[in-house]
Number of protein chains: 2
Amino acid sequence: MTFETVSENKAFGGTQGVYSHASGETGTPMTFSVFVPDHADGAKLPVLWYLSGLTCTYANVTEKGEFRAACAEQGIIFVAPDTSPRGDDVPDDEAYDFGKGAGFYVDATESPWAANFRMKSYIEAELPALIAERFPAADMTRQGITGHSMGGHGALTIALRSPDRFRSVSAFAPIVSPLNCPWGEKALTGYIGADRADWRSYDACALIEDGARLPDILVDQGLADNFLEEQLKPELLEKACADAGIALTLNRREGYDHSYYFISTFMADHVRWHAERLK
Amino acid sequence: MTFETVSENKAFGGTQGVYSHASGETGTPMTFSVFVPDHADGAKLPVLWYLSGLTCTYANVTEKGEFRAACAEQGIIFVAPDTSPRGDDVPDDEAYDFGKGAGFYVDATESPWAANFRMKSYIEAELPALIAERFPAADMTRQGITGHSMGGHGALTIALRSPDRFRSVSAFAPIVSPLNCPWGEKALTGYIGADRADWRSYDACALIEDGARLPDILVDQGLADNFLEEQLKPELLEKACADAGIALTLNRREGYDHSYYFISTFMADHVRWHAERLK
């Protein structure tokens with residue numbers, strides 16, 4: 001497997017790196033970032049995954065997320081993948097919410113997406129194996145996952161399908177039910193097909209209704225978020241968790257929008273939430 | 001004077017705004033950002049200026065600077081101007097280190113720059129008046145100034161020329177002597193002309209040699225900074241301050257480069273340095 005260091009910069013005592021590799025799942029180069037805090041030789045550190053939202057690459061959270069101070073303080077490795085395959089040979093759509101930048105963390109079954117859009121398998125299997133191989137400080141027995149918007153959907157669904165992999169789960173302004181919002185209906189129809197029964201394993205609320213369980217979940221949601229009512233609908237996750245006995249901490253934040261100004265404000269809270277469960 | 005709110009986002013309990021106005025000094029629209037922390041009605045907060053480096057706009061530090069947590073904690077307003085006039089009618093140079101994005105915080109006297117490149121007067125007079133008028137929480141009797149690289153040069157020289165305006169001065173990887181580095185020689189020749197005696201009021205070390213004084217200065221400098229030896233030369237500032245009896249705290253930081261990964265790492269230290277002197 002090819003592996004290339006794109007850049008490494010010292011930050012907050014650790015190393016913020018950007019790396020590229022040839023992905024077998026997507027059939028493309030994939031770029032991701034990893035922050036490794038300063039640590040003693042041979043130390044093993046927990047790993048926190050951050051899945052990004054529509055239109056984003058690894059770069060948005062890496063530049064604007066303000067996670068490094070908290071991760072350095074808590075001794076946590078922070079991994080930020082891309083949101084889709086990239087490249088001139090990858091099929092795309094003109095819309096911002098489908099195609100490149102909008103992988104929705106699914107394995108597509110529909111043409112022409114199925115060949116490259118395999119973000120579920122990429123995040124669930126290929127990239128964790130690469131992290132374990134290339135970052136000896138990463139303790140893959142202690143993983144947490146979070147994400148924003150489409151990436152919050154990714155974090156919740158991946159964790160609900162693999163509860164044994166993650167000790168801690170949170171999200172910023174997540175899409176909680178693709179079955180019940182325009183972004184989700186468009187993406188899952190396009191990637192997975194029209195049979196909505198096939199969507200349930202990609203829907204956090206449906207997964208919970210169908211029996212998936214996590215001990216607890218942290219969600220922050222801005223109340224000035226333009227996408228709150230039509231796309232995000234945290235009340236659906238609130239009901240699903242209440243019915244299932246999952247301890248959901250849902251913080252509704254007055255005045256905050258969908259941007260990285262919101263995410264960065266509450267990032268340190270999320271890192272500490274994960275640290276409490278990972279250490 | 002026209003004044004336009006480009007955007008306002010809630011962040012860390014306060015408001016991160018971006019604003020545009022028609023500048024009489026530059027003859028162009030100028031865009032800048034202001035973070036105002038949450039505060040009691042009628043409260044007056046100190047103002048910290050941040051001057052950016054070559055190629056930057058207000059946006060680089062606003063997105064990557066990680067100043068908001070510390071400014072919210074300390075109750076400090078943070079103002080980030082652009083680094084030059086902008087627009088199709090403004091003269092430019094193909095190089096990254098001259099023309100647009102490279103105003104060097106001088107009032108140009110040479111053609112064709114003199115009409116628009118008036119960043120000294122813009123930062124020293126026009127923008128402070130606008131801040132005082134438009135941001136009633138800004139306490140203009142308590143100002144501090146910092147900056148990065150070319151903006152560190154700006155912060156040091158503006159403070160040395162107006163010590164009564166600023167209670168606190170710091171810089172990240174500043175150009176400390178344009179008289180003694182290629183960036184400075186190119187820019188000052190181009191903007192001010194070949195008579196090096198005219199440059200001394202735009203050179204922190206020369207200003208100190210010529211009698212300017214500040215009580216103390218904080219500087220952080222990365223030792224893995226590509227520009228350290230040829231352009232930045234902190235040892236020149238160290239000598240000037242030692243000779244003049246100015247208390248310079250010069251932190252040489254092993255492994256850090258010239259990027260915002262370096263700046264963001266030490267930003268909270270600088271905000272606290274200013275807070276101690278502004279409150």
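Approximating the spin labels as points 7 Å out from Cα along Cα→Cβ, the A:Asp269-to-B:Glu209 distance works out to 5.4 nm.
Among bridges DSSP assigns within the protein assembly as shown, what percent are antiparallel (round to 5)? Roughly 50 percent of the beta bridges in the protein assembly as shown run antiparallel, per DSSP. Sorted from nearest, the other copies put their A:Ser7 label points 2.0 nm away, the label point being 7 Å from Cα in the direction of Cβ. Computed from the alpha carbon atoms alone, the convex hull of the protein assembly as shown holds 154 Å³ per residue.
Annotation for segment B:1-101: GluC sites (Glu not before Pro) lying in DSSP loop with at most 14 further Cβ atoms inside 10 Å of their Cβ are B:Glu94.
Summing Cβ point charges (Lys, Arg +1; Asp, Glu -1) relative to the Cα centre of the protein assembly as shown gives a dipole of roughly 1360 debye. The B:Ala59 and B:Thr15 beta-carbon pair, evaluated with R₀ = 22 Å, returns a calculated FRET efficiency of approximately 0.85. Computed over chain A, the P(r) tail beyond 28 angstrom holds 30 percent of alpha carbon pairs. The alpha-carbon atoms of segment A:1-127, seen along their principal axes, cover 48, 29, 22 angstrom, with the largest extent given first. With its label point defined 7 Å out from Cα along the Cα-to-Cβ axis, B:Asp198 lies at 7.3 nm from the matching points of the other copies, in increasing order.
Quote the relative contact order of segment B:3-278 in percent (integer), defining contacts as alpha-carbon pairs under 8 Å separated by 6+ residues.
In percent, rounded to a whole number, it is 17.
For segment B:1-104, a crude dipole built from +1 on the beta carbon of Lys and Arg and -1 on the beta carbon of Asp and Glu, taken about the Cα centre, is about 380 debye to the nearest 20. Across all Cα atoms of segment B:77-216, the radius of gyration (one decimal) and Dmax (whole number) stand at 14.8, 43 Å. With label points set 7 Å from Cα along Cα→Cβ, the inter-copy distances at B:Asp89 are 5.0 nm, sorted shortest first. In this simple spin-label model, placing a label point 7 Å from the Cα along the Cα-to-Cβ direction at both A:Ser162 and B:Thr2 gives a separation of 5.3 nm. Chain A residue nearest by beta-carbon to the axis mapping A to B, with distance in Å: A:Glu66, 3.
Spin-label model, A:Asn226/B:Asp88: points 7 Å from Cα along the beta carbon direction are separated by 2.7 nm. Here segment B:67-137 is treated as a sphere whose radius is the Kirkwood value from Cα pairs; by Stokes-Einstein at 10 °C and 1.306 mPa s it diffuses with a coefficient of 114 µm²/s.
Zone of A:Asp139 (label point 7 Å along Cα→Cβ, backbone N under 20 Å): which residues in segment A:64-85? In segment A:64-85, the label zone of A:Asp139 (backbone N under 20 Å from the point 7 Å along Cα→Cβ) covers A:68-80. Which one of A:Pro46, A:Ile175, A:Cys241 has its Cα pushed farthest toward the positive end of the charge dipole of chain A, where Lys and Arg give +1 and Asp and Glu give -1 at the Cβ? Of the options given, the answer is A:Pro46. If you take the alpha carbon atoms of segment B:146-267 and fit the smallest convex hull around them, that volume is 93 Å³ per residue. Give me the net charge of A:Ala275's neighbourhood, meaning all other residues with Cβ under 15 Å from the Cβ of A:Ala275; Lys, Arg count +1, Asp, Glu -1. My count for the surroundings of A:Ala275 gives +2.
What the Cβ-Cβ distance of A:Ser201 and B:Ala95 gives, at R0 = 60 Å and to the nearest 0.05, is a FRET efficiency of 0.65. Charges were assigned to the Cβ only: +1 to each Lys and Arg, -1 to each Asp and Glu. The resulting dipole of segment A:98-246 about its Cα centre is roughly 380 debye.
Each value in this text was obtained by applying a stated rule to the coordinates, not by laboratory testing. This one's a predicted model, so the numbers in the text were calculated from it and none came from an experiment. Cβ coordinates were reconstructed from backbone atoms using ideal geometry, including for glycine residues, and neighbour counts include every protein chain displayed.
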